[in-house]
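Structure record follows, encoded as structure tokens.
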Amino acid sequence: MSLNGNTETLHIRVGGMTCAACQSHVQHALDQTPGVEKAAVSLMMGEATVVFDPQAVAAPKLLEAIRDSGYEAQLPDPGRDPIAEQEERERAQAEEARSLGVKAIVSLVLGAIAMAISMRPSSMQTAM
């Protein structure tokens, strides 16, 4: 708990998390930061909500803790409304899904070609 009872809550966008282990890693990094009273990391939202004592730690230090753990961190724009931020996040997720879909299709096609080539009878086997 903060000594002066004065806390702030900050919502930090976190990028690069792909699984529960990533979420846990960011959570642990924030929990270990002096001045942080409570941290909640959401993999689905790509966001960390941090309750901290501003007398003990500043927002840039929280971003640094996340970045040092291997993930991207960014403060929300102060002038943007939460709905616009959510729409932007959803657009980014849709674009990432499309990109992963294209990569999956290319991988399947290349895998099928490699399998077809490897299953061709070789000329050395027919010579015997």
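The values are calculated or read from the model by the stated rules, or taken from the named source; none is laboratory data. The structure displayed is predicted, hence computed values, not measured ones. For neighbour counting, all protein chains shown are included, and Cβ atoms are generated from backbone atoms with ideal geometry for every residue, glycine included.
Descriptive notes on the structure:
- Test: residue in segment 1-24 that is in contact (Cβ under 8 Å) with a residue 12 or more places away in the chain, assigned to a helix (DSSP H, G or I), exposed (fewer than 13 other Cβ atoms within 10 Å of the Cβ) and within 19 Å of the chain's Cα centre (by Cα): yes
- Of all residues making up segment 55-79, the number that are surrounded by fewer than 18 Cβ atoms within 10 Å (Cβ to Cβ), closer than 11 Å to Val36 by Cβ and touching a residue at least 40 places away in the same chain (Cβ under 8 Å): 1
- Test: residue in segment 100-108 that is surrounded by 11 or more Cβ atoms within 10 Å (Cβ to Cβ) and not in a loop (DSSP other than H, G, I, E, B): no
- Scanning segment 63-92 for residues that are modelled with pLDDT of 90 or more, in contact with a helix residue (DSSP H, G or I) (Cβ under 9 Å, 6 or more places away or on another chain) and either among the aliphatic types (A, V, I, L, M) or over 22 Å from Val26 (Cβ atoms) (or both) yields Ala65, Ile66, Ala73.
- Residue check, Thr49 in a loop (DSSP other than H, G, I, E, B) and hydroxyl-bearing (Ser, Thr, Tyr): no
- Tally of residues being within 17 Å of Thr9 (Cα to Cα), under 15 Å from the mean Cα position of the chain (by Cα) and in a loop (DSSP other than H, G, I, E, B) across segment 52-75: 1
- Scanning segment 29-46 for residues that are of a type in the set (Gly, Ala, Ser) and in a loop (DSSP other than H, G, I, E, B) turns up at least one hit.
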